[in-house]
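Visitor: Input: one structure, supplied below.
Derivation of every value follows stated rules applied to the coordinates shown; laboratory data play no part. Quick caveat, the model's predicted, so the values are computed rather than measured. Reconstructed Cβ throughout: ideal geometry from the backbone, glycine too, with neighbour counts over all protein chains shown.
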Amino acid sequence: MTHYLIWFPSAAMVLTEDEFPEVVADSHAVIQEMKDAGVYVFGGGIDEAVEPVVVGRDGSVAAGGYPGREQELDGGFTVIKVETREEAVRWAAKTAAACRCPQQLRAFGYDPAS
């Protein structure tokens, strides 16, 4: 089984205040469906009020995101564990419909030590 990241940046979710409660309910329903299917691993939204830091090999801490990256990590994500990429695409499509915005799908690399 492969772990997949389903992710969207904050800017992709363009909603009115009136739409927001329905989107929250719909997205929570998809998460519950994932849990019921046994594919949900972890998910949530990036807390954009907390500034990122970069921690060096020596334990030093520098304010800001990773140097040289133009796009900040924000928005929301879900990690699922499924048998096939096709199954991951189906869950990403359900998430996209619930969130009213496209989702990026990425596979995590296999770690033979785990």
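Visitor: Out of these labelled values of semi-axes √(5λ) of the Cα gyration tensor in Å, [x] 24, 15, 13; [y] 26, 22, 12; [z] 20, 16, 14, which was calculated from the coordinates shown here?
Guide: [y]
Visitor: Ordered by residue, what ³J(HN,Hα) values in Hz, to whole numbers, does segment 40-48 give under the Karplus form 6.51 cos²θ - 1.76 cosθ + 1.60, where θ = phi - 60° and Gly and Pro are x?
Guide: 6, 10, 6, x, x, x, 6, 6, 6
Visitor: As a check on your grasp of the helix formula, calculate [θ] at 222 nm for the chain: sum -39500 (n - 2.57) over DSSP H runs of n ≥ 4, divide by the residue count, round to the nearest 500.
Guide: So the helix-based figure for the chain works out to -9500 deg cm²/dmol.
Visitor: Let me ask something else. Convert each backbone phi in segment 78-91 into a coupling constant with the Karplus relation 6.51 cos²θ - 1.76 cosθ + 1.60 (shift: θ = phi - 60°), then list the ³J(HN,Hα) values in order as whole Hz, x for Gly and Pro.
Guide: Each residue of segment 78-91 in turn: 9, 10, 10, 10, 9, 6, 9, 5, 4, 5, 4, 4, 4, 5 Hz.
Visitor: Fewest Cβ neighbours within 10 Å first, please rank SER10, SER60 accordingly.
Guide: Going from sparsest to densest Cβ surroundings: SER60, SER10.
Visitor: I would also like to ask the following. Could you line up LYS81, LYS94, LYS35 from fewest to most neighbouring Cβ atoms inside 10 Å? Numbers along the way, then the final one.
Guide: Details: LYS81 16, LYS94 19, LYS35 12.
Ranking LYS81, LYS94, LYS35 by Cβ neighbours within 10 Å, fewest first, gives LYS35, LYS81, LYS94.
Visitor: Please identify every one of the GluC sites (Glu not before Pro) in segment 1-80 that sits in a loop by DSSP and has no more than 15 other beta carbons within 10 Å of its own beta carbon.
Guide: Answer in residue order: GLU17, GLU19, GLU48, GLU70, GLU72.
Visitor: Output the relative contact order of segment 1-108, whole-number percent, from Cα pairs under 8 angstrom with separation of 6+ residues.
Guide: Working: 152 pairs, mean separation 55.1, N = 108.
Averaging sequence separation for qualifying contacts and normalising by length gives 51 percent for segment 1-108.
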